[in-house]
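In what follows, a structure is listed as structure tokens, so that the remarks can point back to it.
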There are 2 protein chains.
Amino acid sequence: RYFHFCKLPGRVMGIRLLRFTSVVILVLLLVAGALTALLPNIKDDKMPNLRREPKTQSQSALDSFTLIMQTYNRTDLLLKLLNHYQAIPHLHKVIVVWNNIGEKVPEEMWNSLGPHPVPVVFKVQTVNRMRNRLQNFPELETKAVLMMDDDTLVSAHDLAFAFSVWQQFPEHIVGFVPRKHISTPSGVYSYGSFELQNPGFGNGDQYSMVLIGAAFFHSGYLEDFQRQPEAVYALIDETQNCDDIAMNFLVAKRTGKPSGVFVKPVDIRNLEKDTNSGYSGMWHRAEHLLQRSYCVNKLVNIYDGMPLKYSNIMISQFGFPNYANHKNKM
Amino acid sequence: RYFHFCKLPGRVMGIRLLRFTSVVILVLLLVAGALTALLPNIKDDKMPNLRREPKTQSQSALDSFTLIMQTYNRTDLLLKLLNHYQAIPHLHKVIVVWNNIGEKVPEEMWNSLGPHPVPVVFKVQTVNRMRNRLQNFPELETKAVLMMDDDTLVSAHDLAFAFSVWQQFPEHIVGFVPRKHISTPSGVYSYGSFELQNPGFGNGDQYSMVLIGAAFFHSGYLEDFQRQPEAVYALIDETQNCDDIAMNFLVAKRTGKPSGVFVKPVDIRNLEKDTNSGYSGMWHRAEHLLQRSYCVNKLVNIYDGMPLKYSNIMISQFGFPNYANHKNKM
């Protein structure tokens, strides 16, 4: 039959060729199918989840930040806030500083309610200290830290904007809560907010600190903080207060400039009245503000001078929320 | 009498001594008086005016700025504005760019209404060109320039604050009028303000230019402007427009950053309706905005690329005018 192949008319040859090719293709498909079925099901954690690749895995250390949130006796608020903060754009990871000594972290519950957008690490503490949140955590991979109090809710819009501002002012504490110190003729300093007299440098008010309970700052400052005089730690431990004032002293001393840049928040809320725990936060203690003035004066002694500098720059987001929020009578 | 002097009783001697001393004093006073009357009346211009030493003589080139104001056909507004601007804190000198070709500068009237807080120089121009104000004037001694249109009134408070902001951002155009360009799918750019679509980088709007008709910038940029491609001058002369867009291109190209920093003015007014001249400014021409879009595209050709960058930073003064203008619900 093969010899006759060449002499047969085209149509007969075509049908035979077609039949042959079909058989070959069919056999190949069957083999492929068998091989696929036999491939092992790889459950390697390093394999990306192909359903939706988590954005954070690919975010570089420069374009993302780590949220550090210390918590004490307000786990309900913590979890409420974590639902919100875990989804903020450019968030790399959350570090929860667990000051509930002896109490189990809610890791099981957390995992049972996964998957989560970013990794959350619970750092169990051995002593309930205010300055626990200022450790140089090994889990910290990003250049930027966002530090939030466990009763403070700031909108994602505000945070995204403030993060972009921090990226333009990386050596400053960029945040939402400005405070100031003032001099008095006796040389004793006082701490406060706008209700205090303006420092008197031209018109308007000035601020000399931005509180770290709602702010972005460079993770390098956590490293710096480990190298401060012992008296600073003693002061913070004695008052269970003033870690934020100490950080502002550190940054101002380091940069020779105002420590903070104030970004005016559109939506910032204090949720402490929403807690079931009944615990209402350190700032309700009678001596809270007096302590902070006390801390300012102690830190001036420790650092042998007043490094804090004044600023009157208030930053808002152009065209947000109102697209014409810069309109004027011209 | 003299011999007896020693033997006379104390009182008699006292009276004689007193009489003698009185005569001597009187003679001395008369001589002094005569000398004072005879002293020449020195009218040396280098002698300081001891009645009130002008502050500006002692202001260093870093702590003060030069106002450059171009004027055409609105001398009434010019003089009104000069009364205001001549008294702004940290002003070193005023340079009036006189585009009223063939018309005498009001120097006589100006001098007759002196003394003035700062020197005002009238620079007579030979051709009425928009870019006359962008010359590198030899009278310019300060690092900072404040450029104002001759129909724009900005409060002293706004100017003092914006100057302090410029000192923190000296490589930027720090001013009160933000504008932007947008891309379109065709690659053709359009010029406008908030009524144009947001460029789409996250929330809110962005600006990519700050107009120089109400802004501070570094005097070095005037020097730079003299070294631009001929086509830039031709474009500005052809349109009698766009010198400010060209300056923003220059600064953006030079710094690789957004050219401007927008300071939100509290009180900015356009006085053009107040003029007796009936002249109402270039921006009322029908083709004004279309020309500016045209300029953006031409400049992209000339500079072989789009150097303008977006920013959404809006700066206001902390605690002014309202001492609690940063208060929030926390």
Among (1) more than 30 Å from residue A:267 (Cβ to Cβ); (2) at pLDDT 95 or above; (3) not in a helix (DSSP H, G or I) - the single one residue B:258 does not satisfy: (1)
Would the range A:203-212 turn up any residue that is over 24 Å from the mean Cα position of the chain (by Cα) and under 22 Å from residue A:300 (Cβ atoms)? yes
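For the subset of the range B:217-236 comprising residues that are aromatic (Phe, Trp, Tyr) and within 29 Å of residue A:319 (Cβ to Cβ), which member is surrounded by the most Cβ atoms within 10 Å (Cβ to Cβ)? Show your work before the answer.
The first filter runs over the range B:217-236 and keeps only residues aromatic (Phe, Trp, Tyr), leaving B:217, B:221, B:225, B:233.
If we keep only those that are within 29 Å of residue A:319 (Cβ to Cβ) too, we end up with B:217, B:221.
Numbers: B:217: 26, B:221: 19.
My answer is B:217.
Do we find a residue being within 11 Å of chain B (Cβ to nearest Cβ) and either crowded, with 19+ Cβ neighbours inside 10 Å or charged (D, E, K, R) (or both) anywhere in the range A:237-246? Break it down stepwise before answering.
Here is the first cut: in the range A:237-246, the residues within 11 Å of chain B (Cβ to nearest Cβ) are none.
Looking through the range A:237-246, none of the residues is within 11 Å of chain B (Cβ to nearest Cβ) and either crowded, with 19+ Cβ neighbours inside 10 Å or charged (D, E, K, R) (or both).
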Subset of the range B:299-326 [more than 14 Å from chain A (Cβ to nearest Cβ), more than 16 Å from residue B:183 (Cβ to Cβ) and not in a loop (DSSP other than H, G, I, E, B)]: B:302
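Somewhere in the range A:283-298, is a residue touching a strand residue (DSSP E or B) at 6+ places or on another chain (Cβ under 6 Å) and under 20 Å from residue A:151 (Cβ atoms)?
yes
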Residue B:272 passes all but one of the listed conditions (1) under 25 Å from the mean Cα position of the chain (by Cα); (2) surrounded by 21 or more Cβ atoms within 10 Å (Cβ to Cβ); (3) within 14 Å of chain A (Cβ to nearest Cβ); the exception is number (2)
Could you say whether any residue in the range B:154-170 is crowded, with 21+ Cβ neighbours inside 10 Å and in a loop (DSSP other than H, G, I, E, B)? no
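Report, by residue number, each residue of the range B:276-298 that is polar (S, T, N, Q), more than 14 Å from chain A (Cβ to nearest Cβ), in contact with a helix residue (DSSP H, G or I) (Cβ under 6 Å, 6 or more places away or on another chain) and within 24 Å of residue B:239 (Cα to Cα). Explain how you work it out, then say what you get.
Pass one, the range B:276-298, residues polar (S, T, N, Q): B:276-277, B:280, B:291, B:293, B:297.
Next, from what is left, pick out any that are more than 14 Å from chain A (Cβ to nearest Cβ): B:276-277, B:291, B:293, B:297.
Those left that are additionally in contact with a helix residue (DSSP H, G or I) (Cβ under 6 Å, 6 or more places away or on another chain): B:276, B:291.
Selection gives B:291 alone.
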Is one or more of the residues making up the range A:134-145 out of contact with any Leu (no Cβ under 6 Å at 6 or more places or on another chain) and within 14 Å of chain B (Cβ to nearest Cβ)? no
Only listed residue being buried (at least 19 other Cβ atoms within 10 Å of the Cβ), within 11 Å of chain B (Cβ to nearest Cβ), in contact (Cβ under 8 Å) with a residue 24 or more places away in the chain and in a loop (DSSP other than H, G, I, E, B), chosen from A:265, A:199: A:265
Determine if the range B:300-311 includes at least one residue that is closer than 30 Å to residue B:80 by Cα and either exposed (fewer than 14 other Cβ atoms within 10 Å of the Cβ) or not charged (D, E, K, R) (or both). no
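For the subset of the range A:176-191 comprising residues that are modelled with pLDDT of 95 or more and more than 12 Å from chain B (Cβ to nearest Cβ), which member is surrounded by the fewest Cβ atoms within 10 Å (Cβ to Cβ)? It would help to see each step written out before you state the result.
Just the residues of the range A:176-191 that are modelled with pLDDT of 95 or more, to begin with: A:176-182, A:188-191.
From what's left, more than 12 Å from chain B (Cβ to nearest Cβ): A:181-182, A:188-191.
Numbers: A:181: 25, A:182: 19, A:188: 12, A:189: 18, A:190: 17, A:191: 22.
Among those residues, the one meeting the criterion is A:188.
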Considering residues of the range B:202-235 that are part of a strand (DSSP E or B) and more than 11 Å from chain A (Cβ to nearest Cβ) only, the residue farthest from residue B:163 (Cα to Cα): B:209
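Of everything in the range A:268-298 that's in a strand (DSSP E or B) and modelled with pLDDT of 95 or more, which residue is nearest to residue A:209 (Cα to Cα)? Spell out the reasoning first.
Here is the first cut: in the range A:268-298, the ones in a strand (DSSP E or B) are A:268-270.
From the residues that got through so far, the ones that are modelled with pLDDT of 95 or more too are A:268-269.
Numbers: A:268: 18, A:269: 20 Å.
Filtering the range A:268-298 for residues that are in a strand (DSSP E or B) and modelled with pLDDT of 95 or more, the one nearest to residue A:209 (Cα to Cα) comes out as A:268.
Name the residues in the range A:248-262 that are under 17 Å from residue B:316 (Cβ atoms), more than 9 Å from chain B (Cβ to nearest Cβ) and of a type in the set (A, V, I, L, M, F, W, C), would you?
To start, the set of residues in the range A:248-262 that are under 17 Å from residue B:316 (Cβ atoms) comprises A:258, A:260-262.
With more than 9 Å from chain B (Cβ to nearest Cβ) added as a condition, the list becomes A:258, A:260-261.
Selection gives A:261 alone.
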Among the residues of the range B:55-109, what is the count of those that are modelled with pLDDT under 95 and among the aromatic types (Phe, Trp, Tyr)? 0
Does residue B:329 count as part of a loop (DSSP other than H, G, I, E, B) and either more than 10 Å from chain A (Cβ to nearest Cβ) or surrounded by 16 or more Cβ atoms within 10 Å (Cβ to Cβ) (or both)? no
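The values are calculated or read from the model by the stated rules, or taken from the named source; none is laboratory data. All figures in this text were calculated on a predicted structure; none of them were measured in a lab. Virtual Cβ from ideal backbone geometry, glycine too; neighbours counted across all protein chains shown.
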